[in-house]
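Here is the structure we will look at.
Every number in this text was worked out from the coordinates using simple rules, so none of it is lab data. Note that the structure is predicted; figures quoted are calculated from it, not measured. Positions of Cβ are generated from backbone atoms using ideal geometry, with glycine treated the same way; all protein chains shown enter the neighbour counts.
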Amino acid sequence: MTLRLRRHAFADTRPLMMAIVNRTPDSFFDKGATWQEDAAFERVRSVVDEGAEIVDIGGIKAAPGEEIGPAEEKARVVDFVARVREAFPELVISVDTWRAEVGDAVCRAGADLLNDAWGGADPELVDVAAEHDAAIVCTHTGGVTPRTRPYRIEYDDVVRAVIDDTLGYAQRAVDAGVAPESVLIDPAHDFGKNTFHSLEVTRRLGEMVATGWPVLVSLSNKDFVGETLDRPVGERLIGTLAATSVCALAGARVYRVHQVSETRQTVDMVWTIAGRRPPARAIRGLQ
Amino acid sequence: MTRIALVPGCLALLPEYASVIDPVSELREAVRTAADWLGTDATVVGGPQARRLGASVLAGGARATTGERSYLVVGNGSACRTEKAPGYLDPRAEGFDKLLGAALAGTDAAALASLDQSLARELWADTAGLSELSGLLDGARLVGIDYDGAPYGVQYWVMRWER
């Protein structure tokens, strides 16, 4: 099914790169590298050059920390979204927020997609997406409160829980008036999940893809990669790309990433192995 | 009137070997021109793989045959023109291709018939269809050379004749 992210439509044969752009002083991977607005803008320019179709702008880190209210979150992202919208009309702008109030403001500023990493914690977010004809990412968190860590959470069947919750959320979005072709589902690795859960979700991602909803995966440099390989944050690219390969083979459509060109190459390679994309330029043995 | 065209047995022309960026775009265009000129009912001349390629090339044709006979001959020169060529660099390859190219362009049926088949095999040349071509070219005239090059160490020609 064609995926529509507000004004932007993408055929289902095409995997998409969503580049993370943090307007935060304390996110785990870049540690505030793009906290200054001009640095964040340069990051956008750079990922566009690398071929990212989507930027995911976030004003609050996922991990617990200093409380950031809606006013401060808006101050961090709304004007920035407007600036990016004006400079890059063809770019899909996603905003990583769980708050309806923030979602409304960024959609007015030109955002196309609301990436709710916290599984619908604010029930009005779907109404905002519907009102603006924006797209929405429906994640699974196991019902945890935003910005909390998982603690002794267990599931009878984590993939069953992921599918039930994300599809329930997707249905809520459609019932609220969000266009069905503008709804994505995301298992949300590490959110409400220990490493074993995230590994199982990766291994069984094909079950999510089989639901027919386009699947977004956010694997980039996460703790389940770090714990699996015993690597600190700066040394998780190889593990991230290995997990990316597994998700690509299963057919994930959107990849939320720090490293765009590395992920693009990985996904293109797997997509081609899967027979969904031709090689870039094959002549060896065929002359 | 009989129409005859020669195209190389380059497998990159087949749709199942398509790339995002076509490595043989100019060749493909020349082959397309020749196939359209022949019509979709042309008889393909060459070995089994060549016949598969020929059938594929003709299947995409834009024009039905108008009743006259036409032949699509599949064959090419050496595959030893450079170190990166499939058969590696053979210093005899260039001279071989020059002679063969001259015979084709000169519609020299006798020269084609007396082609050194053992040298052709050593140079990985695809000449199975060319001996039949020599018979077809008797009394023919060259209509055009649409392609003459060895972009990947293999000598390709796209040529058209009629008689």
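Just in region A:35-69: which GluC sites (Glu not before Pro) are loop by DSSP and have at most 12 other Cβ atoms within 10 Å?
Working: sites: A:Glu37, A:Glu42, A:Glu50, A:Glu53, A:Glu66, A:Glu67; in loops: A:Glu50, A:Glu53, A:Glu66, A:Glu67.
Answer in residue order: A:Glu66, A:Glu67.
Give me the compactness ratio for region B:4-163, meaning the Cα radius of gyration over 2.2 N^0.38 Å. If you can, show how the numbers build up before the last one.
Working: Rg = 14.7 Å, N = 160, 2.2 N^0.38 = 15.1 Å.
My calculation over the Cα atoms of region B:4-163 gives 0.97.
Testing the spin-label approximation: label points 7 Å from Cα along Cα→Cβ at A:Asp164 and B:Ala55. State their distance in nm.
The answer from the label model is 5.4 nm.
Please compute the modelled spin-label separation between A:Asp175 and A:Ala282, points set 7 Å along Cα→Cβ, answer in nm with one decimal.
4.7 nm
Kindly work out what percent of the DSSP beta bridges joining two residues of the protein assembly as shown are antiparallel, to the nearest 5. All intermediate terms of the calculation are to be shown ahead of the outcome.
Values: 15 of 52 bridges.
Given both bridge residues lie in the protein assembly as shown, the antiparallel proportion sits at roughly 30 percent.
Let me test this: with uniform point scatterers at the alpha carbons of region A:149-257, what is the Debye-based log₁₀ I(q)/I(0) at q = 0.21 1/Å?
Treating every Cα as an identical point scatterer, log10 I(q)/I(0) equals -1.12.
How large is ³J(HN,Hα), in whole Hz, for each residue of region B:131-145 in order, when computed from phi with the Karplus curve 6.51 cos²θ - 1.76 cosθ + 1.60 and θ = phi - 60°, using x for Gly and Pro?
Couplings: 5, 5, 4, 4, x, 5, 7, 4, x, 8, 10, 6, 8, x, 10 Hz.
In nm, what is the difference between 0.36 nm times the number of residues separating A:Asp157 and A:Glu131 and their Cα-Cα distance?
That pair, A:Asp157 and A:Glu131, stretches by 5.9 nm at full extension.
Amide H to amide H, which residues 5 or more places from B:Tyr147 or on other chains are under 5 Å from it, using H placed in the peptide plane?
Amide H neighbours of B:Tyr147: B:Val158.
Applying the Karplus parametrisation 6.51 cos²θ - 1.76 cosθ + 1.60 with θ = phi - 60° to the phi angles of region A:201-213, what ³J(HN,Hα) value in whole Hz is obtained for each residue in order, glycine and proline being reported as x?
3J(HN,Hα) across region A:201-213, in whole Hz: 4, 5, 4, 10, 4, x, 5, 5, 4, 5, 5, x, 7.
With the dipole of region A:3-273 worked out from charges on the C-beta (+1 for Lys and Arg, -1 for Asp and Glu) around the Cα centre, which of A:Ile68, A:Thr240, A:Gly142 lies farthest toward the positive end?
The Cα lying farthest towards the positive end belongs to A:Thr240.
Report the rotationally averaged projected area of region A:3-273 based on its alpha-carbon convex hull, in square nanometres. Kindly include the intermediate steps, with their values, before the conclusion.
Numbers: hull surface 49.6 nm².
With the hull built on Cα positions only, its mean projection is 12.4 nm².
Quick one: 3J(HN,Hα) in Hz for region B:6-19, Karplus 6.51/-1.76/1.60 with θ = phi - 60°, rounded, Gly and Pro as x.
The phi angles translate into 10, 10, x, x, 6, 5, 5, 6, 6, x, 6, 10, 6, 10 Hz.
Averaged over every viewing direction, what's the projected area of the C-alpha convex hull for region A:1-136? Give it in nm², one decimal, please. Please list the in-between numbers first.
Values: hull surface 31.5 nm².
So the Cα hull casts an average projection of 7.9 nm².
Need one number: % antiparallel among DSSP beta bridges in region B:3-162, to the nearest 5. The partial results should precede the final answer.
Details: 12 of 20 bridges.
Of all bridge pairs located within region B:3-162, approximately 60 percent are antiparallel.
Taking only C-alpha pairs under 8 Å that are 6+ residues apart, what is the relative contact order of chain B in percent? Provide the component values of the computation, followed by the final result.
Numbers: 329 pairs, mean separation 48.6, N = 163.
Relative contact order here is 30 percent.
Got the relative contact order for chain A handy, in percent, Cα pairs under 8 Å and 6 or more residues apart? Mind dumping the intermediate values first?
On the way: 562 pairs, mean separation 49.7, N = 287.
Relative contact order for chain A comes out at 17 percent.
About the Cα centre, and with charges only on the beta carbon of Lys, Arg (+1) and Asp, Glu (-1), how big is the dipole of chain A? Nearest 20 debye, please.
Numbers: 33 positive and 44 negative charges, 208 e Å.
It works out to roughly 1000 debye.
Treat every Asp and Glu Cβ in region A:1-152 as -1 and every Lys and Arg Cβ as +1, leave all other atoms uncharged, and give the resulting dipole magnitude about the Cα centre to the nearest 20 debye. Could the numbers behind the result be given before it?
Working: 18 positive and 27 negative charges, 65 e Å.
Using only the charged Cβ atoms, the result is roughly 320 debye.
Check B:Ser70: other-chain or 5+ apart residues with amide H under 5 Å from its amide H, H built from backbone geometry?
B:Arg3, B:Thr43
Based on DSSP loop calls and a cut-off of at most 12 other Cβ atoms within 10 Å, the longest stretch of chain B free of exposed GluC sites (Glu not before Pro) is what? Kindly include the intermediate steps, with their values, before the conclusion.
Working: sites that count: B:Glu68, B:Glu83.
For GluC sites (Glu not before Pro) (loop position, at most 12 other Cβ atoms within 10 Å), the longest site-free span of chain B is B:84-163.
How far apart, in nanometres, would the label points at B:Glu68 and B:Lys98 be if each is projected 7 angstrom from Cα along the Cα-to-Cβ direction?
3.5 nm
Mind giving me the FRET efficiency for A:Asp79 and A:Thr148? R0 is 35 Å, r the Cβ-Cβ distance, nearest 0.05 is fine. Mind showing how you got there, number by number?
Details: r = 29 Å, r/R0 = 0.83.
So the FRET efficiency works out to roughly 0.75.
Roughly how large, in nm² to one decimal, is the mean projection of the convex hull of the alpha-carbon atoms in region A:45-85? List each step's numbers first, then the result.
Details: hull surface 14.6 nm².
For region A:45-85, the mean projected area of the Cα convex hull comes to 3.6 nm².
Could you check which residue among A:Ala40, A:Ala11, A:Ala134 shows the biggest mean-square fluctuation in a GNM of chain A with a 10 Å Cα cutoff?
Answer for the Gaussian network model of chain A: A:Ala11.
Have a look at B:Ser56, B:Ser134, B:Ser19 and tell me which one the Gaussian network model of chain B (Cα, springs below 10 Å) gives the largest fluctuation.
The residue with the greatest mean-square fluctuation here is B:Ser19.
What FRET efficiency, computed as 1/(1 + (r/R0)^6) with R0 = 25 Å and r the Cβ-Cβ distance, is obtained for B:Ala18 and A:Glu90, rounded to the nearest 0.05?
Values: r = 27 Å, r/R0 = 1.08.
Efficiency computed from Cβ-Cβ geometry: 0.40.
Given 0.36 nm per residue, what is the gain on full extension from A:Asp49 to A:Ala33 after removing their alpha carbon distance, in nm?
Details: separation 16, 0.36 × 16 = 5.76 nm, distance 1.86 nm.
That works out to 3.9 nm of additional length.
Sequence-distant or interchain residues sharing an amide H contact under 5 Å with A:Leu5, placed H: which?
Residues meeting the amide H criterion: A:Phe10.
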